[in-house]
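The values are calculated or read from the model by the stated rules, or taken from the named source; none is laboratory data. Bear in mind that the values here come from a model prediction, so they are computed numbers and not experimental data. In this analysis, Cβ positions are derived from the backbone assuming ideal geometry, glycine residues included, and neighbour counts consider all displayed protein chains. Note: accessible area is taken over every heavy atom of the protein model, side chains too, but ligands, DNA and RNA are not part of it. Shrake-Rupley method; radii C 1.70, N 1.55, O 1.52, S 1.80 Å.
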Amino acid sequence: DWRLLTRHRPPAELRRDLQRLLKPCTTFWMKLDRLRAFKQQEFLRLTALDVLGEASLPEIARGLSDLADVCVGAALEACHQELSAQLGVSGEHGLCVIGMGKWGGRELNYSSDIDPILLCADQPASQGAREPMQYLTKLAEMLVKALSEPMRRGIVFRVDLRLRPEGRFGPIVRTVSSALHYYENWAELWERQAMIKARVCAGDPRVGEQFLERIHAWVYRPALSDADFAQIVEQRVRTEAQTQSRGEYETDIKNGWGGIRDIEFPTQALQLM
(Lines give C-alpha, C1' and ligand atoms only; values in the text may rest on other atoms or scores of the structure.)
Protein backbone atom coordinates (compact mmCIF):
# COMPACT_ATOMS: atom_id res chain seq x y z
CA ASP A 1 0.00 0.00 0.00
CA TRP A 2 1.46 3.35 -1.10
CA ARG A 3 0.11 5.14 1.98
CA LEU A 4 1.87 2.67 4.27
CA LEU A 5 5.17 3.25 2.47
CA THR A 6 5.03 7.05 2.52
CA ARG A 7 3.60 7.79 5.96
CA HIS A 8 5.89 8.90 8.78
CA ARG A 9 6.94 6.15 11.20
CA PRO A 10 7.71 7.61 14.65
CA PRO A 11 10.35 5.97 16.88
CA ALA A 12 7.66 4.50 19.15
CA GLU A 13 6.21 2.59 16.21
CA LEU A 14 9.61 1.38 15.07
CA ARG A 15 10.38 0.26 18.61
CA ARG A 16 7.10 -1.64 18.87
CA ASP A 17 7.62 -3.40 15.52
CA LEU A 18 11.18 -4.38 16.41
CA GLN A 19 10.12 -5.74 19.81
CA ARG A 20 7.47 -7.80 18.05
CA LEU A 21 10.11 -9.17 15.70
CA LEU A 22 12.51 -10.03 18.55
CA LYS A 23 9.96 -11.56 20.92
CA PRO A 24 9.90 -15.08 19.38
CA CYS A 25 13.72 -15.29 19.29
CA THR A 26 15.08 -18.09 21.48
CA THR A 27 18.79 -17.19 21.34
CA PHE A 28 20.92 -14.08 21.53
CA TRP A 29 22.33 -14.69 18.04
CA MET A 30 18.84 -15.00 16.60
CA LYS A 31 18.03 -11.57 18.07
CA LEU A 32 21.12 -10.06 16.44
CA ASP A 33 20.15 -11.58 13.10
CA ARG A 34 16.57 -10.24 13.36
CA LEU A 35 17.96 -6.84 14.36
CA ARG A 36 20.01 -6.73 11.16
CA ALA A 37 17.00 -7.78 9.09
CA PHE A 38 14.91 -5.00 10.64
CA LYS A 39 17.59 -2.39 9.98
CA GLN A 40 17.89 -3.47 6.34
CA GLN A 41 14.11 -3.37 5.90
CA GLU A 42 13.89 0.19 7.24
CA PHE A 43 16.92 1.27 5.22
CA LEU A 44 15.18 0.01 2.09
CA ARG A 45 11.96 1.86 2.96
CA LEU A 46 13.79 5.15 3.60
CA THR A 47 15.88 4.76 0.44
CA ALA A 48 12.72 4.22 -1.61
CA LEU A 49 11.17 7.39 -0.16
CA ASP A 50 14.38 9.27 -0.96
CA VAL A 51 14.71 8.02 -4.54
CA LEU A 52 11.01 8.59 -5.28
CA GLY A 53 11.16 12.14 -3.92
CA GLU A 54 8.60 11.42 -1.21
CA ALA A 55 10.82 12.67 1.64
CA SER A 56 13.21 15.60 2.02
CA LEU A 57 16.87 15.32 2.97
CA PRO A 58 16.22 16.41 6.60
CA GLU A 59 13.38 13.86 6.85
CA ILE A 60 15.63 11.05 5.60
CA ALA A 61 18.42 12.06 8.01
CA ARG A 62 15.99 12.11 10.93
CA GLY A 63 14.55 8.77 9.85
CA LEU A 64 18.00 7.14 9.74
CA SER A 65 18.88 8.65 13.14
CA ASP A 66 15.63 7.46 14.71
CA LEU A 67 16.33 4.01 13.30
CA ALA A 68 19.77 4.05 14.94
CA ASP A 69 18.18 5.03 18.28
CA VAL A 70 15.76 2.12 18.12
CA CYS A 71 18.37 -0.43 16.99
CA VAL A 72 20.90 0.59 19.65
CA GLY A 73 18.24 0.49 22.36
CA ALA A 74 17.13 -3.01 21.32
CA ALA A 75 20.72 -4.24 21.05
CA LEU A 76 21.51 -2.88 24.53
CA GLU A 77 18.54 -4.69 26.09
CA ALA A 78 19.39 -7.93 24.26
CA CYS A 79 23.00 -7.74 25.46
CA HIS A 80 21.90 -7.03 29.03
CA GLN A 81 19.52 -10.01 29.03
CA GLU A 82 22.25 -12.29 27.68
CA LEU A 83 25.05 -11.07 29.96
CA SER A 84 22.96 -10.94 33.13
CA ALA A 85 21.79 -14.51 32.47
CA GLN A 86 25.39 -15.65 31.98
CA LEU A 87 26.51 -14.02 35.23
CA GLY A 88 23.41 -14.82 37.26
CA VAL A 89 22.51 -11.22 38.13
CA SER A 90 19.23 -9.34 37.86
CA GLY A 91 17.76 -5.84 37.63
CA GLU A 92 18.23 -2.87 35.34
CA HIS A 93 21.60 -2.06 33.81
CA GLY A 94 21.56 1.74 34.27
CA LEU A 95 23.70 2.40 31.18
CA CYS A 96 22.94 5.44 29.03
CA VAL A 97 24.00 5.94 25.41
CA ILE A 98 24.64 9.58 24.47
CA GLY A 99 24.70 10.11 20.70
CA MET A 100 27.33 12.49 19.33
CA GLY A 101 28.20 13.81 15.88
CA LYS A 102 25.73 13.27 13.05
CA TRP A 103 23.82 10.76 15.14
CA GLY A 104 23.34 13.18 18.02
CA GLY A 105 22.30 15.93 15.61
CA ARG A 106 19.85 13.57 13.85
CA GLU A 107 21.83 14.05 10.63
CA LEU A 108 22.85 10.47 9.78
CA ASN A 109 23.34 9.55 6.14
CA TYR A 110 23.40 6.10 4.55
CA SER A 111 27.10 5.48 5.18
CA SER A 112 27.44 7.14 8.60
CA ASP A 113 28.86 5.39 11.62
CA ILE A 114 27.49 6.23 15.07
CA ASP A 115 29.45 8.05 17.79
CA PRO A 116 28.32 7.07 21.30
CA ILE A 117 29.42 8.13 24.77
CA LEU A 118 28.48 5.52 27.40
CA LEU A 119 27.62 6.79 30.88
CA CYS A 120 26.26 5.48 34.17
CA ALA A 121 25.19 7.02 37.48
CA ASP A 122 27.85 8.08 39.99
CA GLN A 123 27.07 5.08 42.17
CA PRO A 124 26.02 2.39 39.70
CA ALA A 125 23.93 -0.16 41.54
CA SER A 126 23.07 -2.04 38.37
CA GLN A 127 21.72 -5.56 38.40
CA GLY A 128 23.08 -6.56 41.81
CA ALA A 129 26.55 -7.29 40.44
CA ARG A 130 29.43 -7.18 42.92
CA GLU A 131 31.43 -4.94 40.60
CA PRO A 132 28.92 -2.76 38.72
CA MET A 133 31.54 -0.92 36.62
CA GLN A 134 33.07 -4.22 35.51
CA TYR A 135 29.63 -5.42 34.49
CA LEU A 136 28.85 -2.21 32.61
CA THR A 137 32.22 -2.32 30.85
CA LYS A 138 31.50 -5.87 29.66
CA LEU A 139 28.01 -4.81 28.64
CA ALA A 140 29.34 -1.85 26.64
CA GLU A 141 31.92 -4.02 24.86
CA MET A 142 29.22 -6.57 24.09
CA LEU A 143 26.96 -3.81 22.71
CA VAL A 144 29.64 -2.48 20.37
CA LYS A 145 30.31 -5.99 19.10
CA ALA A 146 26.59 -6.74 18.68
CA LEU A 147 26.16 -3.66 16.49
CA SER A 148 29.34 -3.73 14.43
CA GLU A 149 30.42 -7.36 14.07
CA PRO A 150 29.67 -8.71 10.57
CA MET A 151 27.13 -11.56 10.40
CA ARG A 152 25.33 -13.14 7.48
CA ARG A 153 23.19 -9.99 7.12
CA GLY A 154 26.16 -7.67 7.61
CA ILE A 155 26.33 -5.16 10.47
CA VAL A 156 23.80 -2.90 12.16
CA PHE A 157 26.03 0.20 12.42
CA ARG A 158 29.74 0.89 12.59
CA VAL A 159 30.57 2.26 16.03
CA ASP A 160 33.18 4.97 16.62
CA LEU A 161 34.03 5.55 20.30
CA ARG A 162 36.69 8.22 19.74
CA LEU A 163 34.44 11.13 20.78
CA ARG A 164 34.25 9.83 24.35
CA PRO A 165 36.35 11.52 27.07
CA GLU A 166 40.07 10.85 26.41
CA GLY A 167 39.16 9.29 23.07
CA ARG A 168 40.50 5.81 22.40
CA PHE A 169 42.63 5.99 25.57
CA GLY A 170 39.70 6.56 27.93
CA PRO A 171 37.52 3.94 29.65
CA ILE A 172 34.58 2.79 27.55
CA VAL A 173 32.11 3.60 30.37
CA ARG A 174 32.30 6.57 32.74
CA THR A 175 30.18 7.83 35.59
CA VAL A 176 28.46 11.19 35.07
CA SER A 177 30.77 12.95 37.56
CA SER A 178 33.89 11.40 36.01
CA ALA A 179 32.86 12.60 32.54
CA LEU A 180 32.07 16.10 33.85
CA HIS A 181 35.44 16.25 35.65
CA TYR A 182 37.22 15.42 32.39
CA TYR A 183 35.34 18.03 30.36
CA GLU A 184 35.73 20.79 32.95
CA ASN A 185 39.47 20.20 33.48
CA TRP A 186 40.98 18.59 30.40
CA ALA A 187 38.74 18.90 27.34
CA GLU A 188 39.73 20.92 24.27
CA LEU A 189 37.57 23.50 22.55
CA TRP A 190 36.53 21.13 19.76
CA GLU A 191 34.96 18.92 22.45
CA ARG A 192 32.77 21.84 23.51
CA GLN A 193 31.77 22.23 19.88
CA ALA A 194 30.98 18.51 19.63
CA MET A 195 28.87 18.58 22.80
CA ILE A 196 26.37 20.91 21.09
CA LYS A 197 24.98 17.84 19.31
CA ALA A 198 24.92 15.51 22.33
CA ARG A 199 21.58 13.73 22.73
CA VAL A 200 20.20 10.88 24.84
CA CYS A 201 19.66 8.13 22.26
CA ALA A 202 19.22 4.85 24.19
CA GLY A 203 19.45 3.24 27.60
CA ASP A 204 18.65 4.93 30.91
CA PRO A 205 17.31 8.43 30.10
CA ARG A 206 17.66 9.64 33.71
CA VAL A 207 21.44 9.28 33.57
CA GLY A 208 21.65 11.07 30.23
CA GLU A 209 19.37 13.92 31.22
CA GLN A 210 21.37 14.49 34.41
CA PHE A 211 24.62 14.64 32.43
CA LEU A 212 23.28 17.04 29.78
CA GLU A 213 21.76 19.30 32.42
CA ARG A 214 25.00 19.48 34.41
CA ILE A 215 27.25 20.05 31.37
CA HIS A 216 25.07 22.77 29.83
CA ALA A 217 26.86 25.64 31.61
CA TRP A 218 30.26 24.31 30.50
CA VAL A 219 29.19 24.25 26.85
CA TYR A 220 27.19 27.49 26.70
CA ARG A 221 29.18 30.10 28.58
CA PRO A 222 28.19 33.78 28.92
CA ALA A 223 30.42 34.65 25.94
CA LEU A 224 32.82 33.11 23.45
CA SER A 225 36.22 34.66 24.06
CA ASP A 226 38.40 36.07 21.28
CA ALA A 227 40.95 33.35 22.11
CA ASP A 228 38.29 30.64 21.70
CA PHE A 229 37.15 32.08 18.38
CA ALA A 230 40.76 32.27 17.16
CA GLN A 231 41.23 28.64 18.20
CA ILE A 232 38.23 27.56 16.09
CA VAL A 233 39.69 29.42 13.09
CA GLU A 234 43.13 27.89 13.71
CA GLN A 235 41.65 24.42 13.90
CA ARG A 236 39.95 24.94 10.53
CA VAL A 237 43.18 26.28 8.97
CA ARG A 238 45.09 23.27 10.30
CA THR A 239 42.66 20.71 8.86
CA GLU A 240 42.70 22.55 5.51
CA ALA A 241 46.51 22.41 5.46
CA GLN A 242 46.41 18.66 6.12
CA THR A 243 43.94 18.20 3.28
CA GLN A 244 46.11 20.24 0.91
CA SER A 245 49.20 18.21 1.83
CA ARG A 246 47.33 15.06 0.74
CA GLY A 247 46.30 16.69 -2.54
CA GLU A 248 42.60 16.46 -1.59
CA TYR A 249 41.78 20.14 -1.02
CA GLU A 250 39.23 20.26 -3.87
CA THR A 251 37.84 16.73 -3.44
CA ASP A 252 37.53 16.11 0.32
CA ILE A 253 33.85 16.79 1.01
CA LYS A 254 34.41 17.04 4.76
CA ASN A 255 37.65 18.99 5.22
CA GLY A 256 38.34 20.47 1.80
CA TRP A 257 37.43 23.80 0.21
CA GLY A 258 33.71 24.48 0.62
CA GLY A 259 33.30 21.25 2.60
CA ILE A 260 31.18 20.30 5.58
CA ARG A 261 33.60 21.91 8.06
CA ASP A 262 33.21 25.29 6.32
CA ILE A 263 29.55 25.20 7.33
CA GLU A 264 29.87 23.38 10.64
CA PHE A 265 32.60 25.43 12.31
CA PRO A 266 31.05 28.92 11.78
CA THR A 267 27.66 27.56 12.83
CA GLN A 268 29.09 26.03 16.01
CA ALA A 269 30.91 29.29 16.80
CA LEU A 270 27.59 31.16 16.49
CA GLN A 271 25.87 28.58 18.69
CA LEU A 272 28.56 28.91 21.37
CA MET A 273 28.20 32.71 21.20
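Quick notes on this one:
Conditions tested, residue by residue: (1) under 22 Å from residue 84 (Cβ atoms); (2) of a type outside the set (A, V, I, L, M).
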| site | (1), (2) |
| --- | --- |
| 110 | no, yes |
| 115 | no, yes |
| 120 | yes, yes |
| 144 | yes, no |
| 148 | yes, yes |
| 151 | no, no |
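- Applying the condition of being touching a Gly at 6+ places or on another chain (Cβ under 8 Å) and of a type outside the set (A, V, I, L, M) to the range 241-273 and asking which residue is least open to solvent (accessible area, probe 1.4 Å) yields 243.
- Some residue of the range 65-86 being among the hydroxyl-bearing types (Ser, Thr, Tyr), under 26 Å from residue 174 (Cβ atoms), in contact with an Asp or Glu (Cβ under 9 Å, 6 or more places away or on another chain) and surrounded by 19 or more Cβ atoms within 10 Å (Cβ to Cβ): yes
- Qualifying residue in the range 120-137 (condition: open to solvent by less than 70 Å² (accessible area, probe 1.4 Å), β-branched (Val, Ile, Thr) and in contact with a Lys or Arg (Cβ under 7 Å, 6 or more places away or on another chain)): no
- Answer residue from the range 221-253, given it is touching a helix residue (DSSP H, G or I) at 6+ places or on another chain (Cβ under 7 Å) and part of a loop (DSSP other than H, G, I, E, B) and is nearest to residue 192 (Cα to Cα) among those: 224
- Counted residues, the range 147-173 - those being aliphatic (A, V, I, L, M) and open to solvent by 70 Å² or more (accessible area, probe 1.4 Å): 0
- Any hit, the range 213-220, residues being under 23 Å from residue 116 (Cα atoms), in contact (Cβ under 8 Å) with a residue 60 or more places away in the chain and open to solvent by less than 50 Å² (accessible area, probe 1.4 Å): no
- Just one of (1) among the hydrophobic types (A, V, I, L, M, F, W, C); (2) more than 24 Å from the chain's Cα centre (by Cα); (3) modelled with pLDDT of 95 or more fails for residue 218. It is (2).
- Listed by first and then second residue, the pairs linking a residue in the range 82-107 that is over 28 Å from residue 165 (Cα atoms) to a residue that is part of a loop (DSSP other than H, G, I, E, B), with Cβ atoms under 9 Å apart and 6 or more places separating them unless they lie on different chains, are 87/129; 89/129; 89/130.
- Only listed residue being among the acidic types (Asp, Glu) and in contact (Cβ under 8 Å) with a residue 40 or more places away in the chain, chosen from 50, 66: 66
- The range 252-266 residues that are among the acidic types (Asp, Glu), paired with ones that are open to solvent by less than 70 Å² (accessible area, probe 1.4 Å) and modelled with pLDDT of 95 or more (beta carbon under 9 Å, 6 or more apart): 252/243; 264/193
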